[in-house]
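The values are calculated or read from the model by the stated rules, or taken from the named source; none is laboratory data. Just so it is clear, the model here is predicted, and its values are computed rather than measured. Here Cβ is always computed from backbone atoms with ideal geometry, including for glycine, and neighbour counts include all displayed protein chains.
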Amino acid sequence: MSDRTAAVTRETAETDIEVTLDVDGEGDATVETGVGFFDHMLESLAKHGLFDLTVRCDGDLEIDDHHTVEDVAIALGEAFDEALGEKRAIERFADRSVPLDEAVAEVVVDVSGRPLFEFDGEFSQDRVGELTSVMAEHFFRSLAMNAGLTLHVSVRGENAHHEIEAAFKSVARALDDATRIDERRSDVASTKGQL
């Protein structure tokens, strides 16, 4: 297997970000964004997707969490896109459902190179810690757009902490499945010959 790693930096007037990613990792994560629950979710993404991930973000949290969450998602999406390269021999499609107590999240992903995001559901509370709940949906949208994913996410439940965490775990598991190498393939999983 080739080296499926990436390092991405992103510096704007609103954020300064460094991301490293190893798609074929062990689930190790070092995350510092200044938004505690978001850090926890990124650590969960790494743990359940078996991605080695480092994220450092110095963002304008004196305003709110929007720029930090969005720009981290952009950088992480770019890292996935870079690490997967031509996407040769990957499984490409995957779906996962993950419960967390009363909450359930369902995810379907196609590592297609054609970005699209659909979300169904709503979060039961406006905030979880310092994270505005709607920013979880925005994170997945920005990730999909920059990683070239067709990504469908749905959630239901009664507790936003559980709903958001189930969504991150479902995305992690689906991405792990979809990015796995199928040893029977030498090319991409497309009749077009490329993704």
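The rows are residues; the columns are (1) touching a residue at least 40 places away in the same chain (Cβ under 8 Å); (2) surrounded by fewer than 21 Cβ atoms within 10 Å (Cβ to Cβ); (3) in a loop (DSSP other than H, G, I, E, B); (4) not basic (K, R).
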residue	(1), (2), (3), (4)
D24	no, yes, yes, yes
F38	yes, no, no, yes
E43	no, yes, no, yes
L53	no, no, no, yes
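Can you tell me which residue in segment 125-140 is surrounded by the fewest Cβ atoms within 10 Å (Cβ to Cβ), limited to those that are without any contact (Cβ under 8 Å) to a residue 40 or more places away in the chain and assigned to a helix (DSSP H, G or I)?
Among those that are without any contact (Cβ under 8 Å) to a residue 40 or more places away in the chain and assigned to a helix (DSSP H, G or I), it is V134.
Determine which member of the set E122, E165, E106, E183 is surrounded by fewer than 17 Cβ atoms within 10 Å (Cβ to Cβ) and either modelled with pLDDT of 95 or more or part of a helix (DSSP H, G or I) (or both).
E122
For segment 74-91, indicate whether the set of residues that are under 21 Å from H161 (Cβ atoms) and not polar (S, T, N, Q) is non-empty.
no
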